[in-house]
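The values are calculated or read from the model by the stated rules, or taken from the named source; none is laboratory data. All values derive from a computational prediction rather than experimental measurement. Here the Cβ is made from the backbone with ideal geometry for all residues, glycine too, and neighbour counts use every protein chain on show. For accessibility, only protein heavy atoms count, side chains too; no ligands or nucleic acids. Shrake-Rupley method; radii C 1.70, N 1.55, O 1.52, S 1.80 Å.
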Amino acid sequence: LYAAGDYPNAEKNLRNALAIQQTQANSDPAVLAGILFNLGAVARIESRLPESDALYNRAIAIRETISGRESSGLGRPLAGLALVYLAEGRLTPAVEAAQRAVRVSPDDPVTNNTLGTLLMLQGDSARAQALEQKVVDELKAASATGTQEYVNALTNLGTSRLRLGDYSHAERDLREAEAVSLMVAGPDHTLTATIWNN
């Protein structure tokens with residue numbers, strides 16, 4: 001439901017899952033952290049930033065308790081928190097959270113895409129381009145070209161090239177991102193709109 005952009009129903013189901021998880025005597029902390037992470041993502045996409053911040057931080061705290069401060073399971077919650085900070089206009093803590101996300105989960109396309117976005121916004125389009133090219137190549141090698149992560153990586157790569165004045169390659173990447181986004185998300189999704197804007 002989240003991937004399809006149906007955030008109200010995604011949140012409804014996540015809240016039900018959270019209620020069930022919290023009433024179980026033998027609840028699994030990793031599952032609880034996952035639910036909180038997903039609720040944080042819904043709140044972030046709906047611009048409920050303080051709520052999203054709190055949910056991501058709860059998920060991070062549980063993950064740190066389960067497996068330590070360098071656990072790869074922290075990557076996505078940290079990347080989500082970085083995007084909250086970005087939406088709040090707090091670029092420095094956003095970059096710090098994204099760098100930590102990549103450090104603990106270096107092979108995750110989500111963490112790398114997040115850092116790439118922040119590097120672009122810092123004006124470091126060359127580093128962003130190199131990072132996004134790495135993500136695109138890894139996803140191609142893993143036959144994951146029909147995923148939202150692939151679309152995000154291609155969009156970021158195209159945007160980096162656009163900022164560097166490499167228009168022909170930027171358009172090529174964005175056209176490919178458009179084709180995949182139309183297939184996986186559809187024409188009415190914000191992901192597709194972002195690509196068209198670029």
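Descriptive notes on the structure:
- Residues located in region 97-109, provided they are within 10 Å of V135 (Cα to Cα) and open to solvent by less than 40 Å² (accessible area, probe 1.4 Å): D108, P109
- Leading residue by the ranking (least open to solvent (accessible area, probe 1.4 Å)) among those in region 25-75 that are touching a residue at least 40 places away in the same chain (Cβ under 8 Å) and farther than 26 Å from G89 by Cβ: A33
- Here S125 passes the criteria (1) among the small types (G, A, S); (2) modelled with pLDDT under 90; (3) surrounded by fewer than 18 Cβ atoms within 10 Å (Cβ to Cβ) except the one numbered (3).
- In a residue-by-residue description of region 88-99, the property of being within 19 Å of E11 (Cα to Cα) and either among the acidic types (D, E) or part of a helix (DSSP H, G or I) (or both) applies to no position.
- A residue that is more than 15 Å from the chain's Cα centre (by Cα), outside any helix (DSSP H, G or I) and within 24 Å of L1 (Cα to Cα) occurs somewhere in region 145-156.
- Some residue of region 63-75 being touching a helix residue (DSSP H, G or I) at 6+ places or on another chain (Cβ under 6 Å), of a type in the set (S, T, N, Q) and within 27 Å of M183 (Cα to Cα): no
- Selection within region 145-198 - over 20 Å from G123 (Cα atoms) and either polar (S, T, N, Q) or touching a His at 6+ places or on another chain (Cβ under 6 Å) (or both): T145, T147, Q148, S168, S181, T190, T192
- Those residues of region 73-100 which are closer than 15 Å to A54 by Cα and of a type in the set (D, E), in sequence order: E88
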